[in-house]
Every structure is written in C-alpha cells, then in structure tokens.
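What follows draws every value from the coordinates through simple rules; no lab data is involved. Remember, predicted model here, so these are calculated numbers, not experimental data.
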Amino acid sequence: MNASHSQPKIQLSKSSDYRETYANSVQVRVSVWDFFLNFGIAHQDTPDQVNVENHHGVYLSPQQAKALWNMLGQNLAQYEQAFGAIALEPHGHPMPMPTGPVH
C-alpha cells in the first residue's frame, strides 16, 4: 500500500487588527523558551543621541526564529545578487547599532 502525504493548502488572511509599519531598529531578547523581537524607529536628533521608539514586539519559538533566519538569509542573498551588496552603515550618516542585554 502506497500512502501519499500531500502538503495541506495554506490560506492567508489578515486579522481585524492587522497593520503594517516601518522599522529601522530591532532589538532581540532570547530566553530558553523563545525569542522576542522588538521593532521600532531609530532617529538621531543630535550627533551624540540616538532615540529609539519601539512600536511592536513579536515572540517567536526557537524553531520559528531559525526558520525566519533561513528565509531572511535566502532572500537577502537573492536581493544582493539582483541589486548589489547591502551596506550596513549609510554613507555619511553613521548610526550606531543599539546594544542591550541578551536574556
């Protein structure tokens, strides 16, 4: 007997509170159970002060975090192949990477 295991169809929908926002800052906290990604907007008002306004936090299981890492890596490689290398520091406007504790 040959049993076939077909993949289920995936249907995407948006919840009533779905929203899209821009983030140029993300902080990551790690625990044994999950990863917490805190997204926000970083802006530099003075040469010696960077302000980060966090607006959305997302918890991920370690498995989902690894799947996201793999997916981002693949998409970044495709992006750079199509458009060139991505510089982490914009020309003429260095913004320090926020640092914080890893839990």
If amide H atoms are modeled at 1.01 Å from N in the peptide plane, then the residues at a separation of 5 or more from Ser25, or on another chain, having amide H under 5 Å from its own are Gly40, Ala42
Gyration tensor (alpha-carbon) shape descriptor, segment 27-91, a/c threshold 1.5 | oblate
Go through segment 58-63 residue by residue and turn each phi into a ³J(HN,Hα) via Karplus (6.51, -1.76, 1.60, θ = phi - 60°); whole Hz please, and just put x for glycine and proline.
-> 10, 8, 10, 5, x, 5
